[in-house]
Amino acid sequence: MEKYRVDPRTKIIFFIVIFTMIFISRDLVFITTLSILLLIIILLNKKTRREILPRLTKIIPLLVVAFILWSVLYRWSLFYSYGPVSGVMFDIGLFMTIRLFLILLTSLLFISVVSPRELVIALEGFRIPYKIVFTLGLTMRHMSTFAEEYMVIKEAQSSRGLELDKGFLIRRIRNYIPVIIPLLIRSIENAEKLSLAMDLKLFSFERRRYDRGRFGLLDITVIFVCIIALTISTLHYVFGLI
């Protein structure tokens with residue numbers, strides 16, 4: 001039986017709480033502190049540090065553009081009402097940029113520490129219908145395969161002289177048609193092979209029984225801290241204390 005240092009259900013609860021606090025918080029200090037804590041968690045683990053840090057450097061241009069746009073165009077935001085203010089608001093731009101960074105950081109951390117098997121075990125532990133659990137787990141398991149197929153087809157077409165990134169937007173979209181069509185064909189073929197394999201093994205959607213184990217002291221501590229943090233964030237949001 002595979003052992004987990006942290007129960008998969010604890011991981012799911014942790015990320016649900018983090019995402020909830022990200023979207024209900026309107027305090028710059030809070031989301032900055034939360035970003036620092038997540039960065040510390042990433043740096044303390046060799047695996048997450050190796051997988052996530054190189055990806056964070058690639059989103060710096062996106063964050064710069066987000067800061068400029070939110071500082072200037074905040075009055076057309078669909079999410080917040082900032083009151084009768086005018087001019088360039090760098091504090092709003094900084095807040096939304098850090099929030100975007102925190103969303104991306106949390107998403108990368110989730111992908112890094114929660115495997116498809118752990119996700120299936122956790123969702124099954126929450127008594128979610130097995131059809132949904134199986135479909136979601138199967139989708140996550142084949143995302144890497146889909147990405148690899150895309151890269152192989154793209155490199156093959158580029159080696160044949162196809163210029164994918166040449167011309168204006170409409171032309172670039174048309175250039176990707178020779179990549180998209182083979183990718184769709186390969187996806188359909190893989191789906192047919194999977195369906196045939198499931199039929200041969202007499203697969204059914206009856207609920208599976210996974211050995212989820214029991215919550216340990218670390219799991220209880222993490223869940224308790226998450227509940228306290230979420231409660232405080234919700235009270236601040238509801239009563240406007242921040």
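Each value in this text was obtained by applying a stated rule to the coordinates, not by laboratory testing. If you're wondering where the values come from, they're calculated on a predicted model, not measured in any experiment. No Cβ is skipped: glycine too gets one built from the backbone with ideal geometry, and neighbour counts run over all protein chains shown.
Brief remarks follow.
- For segment 116-211, the tally of Lys pairs with Cα-Cα distances below 28 Å comes to 5, considering only residues 8 or more apart or on different chains.
- With a simple spin-label model that places each label point 7 Å from the Cα along the Cα-to-Cβ direction, the separation between residue 88 and residue 235 comes to 4.0 nm.
- Given 12 as the ceiling on other Cβ atoms within 10 Å, longest exposed-site-free region of the chain for GluC sites (Glu not before Pro) in DSSP loops: 3-162
- Chain lengthening between residue 165 and residue 29 when straightened (0.36 nm per residue, less Cα-Cα): 44.9 nm
- Sequentially through segment 113-128, phi angles give Karplus couplings (6.51, -1.76, 1.60; θ = phi - 60°) of 9, 10, 7, x, 5, 5, 5, 4, 4, 5, 5, 5, x, 8, 6, 6 Hz, Gly and Pro residues having no value and appearing as x.
- The slack in the chain from residue 140 to residue 180, taken as 0.36 nm per residue of separation less the alpha-carbon distance, amounts to 12.4 nm.
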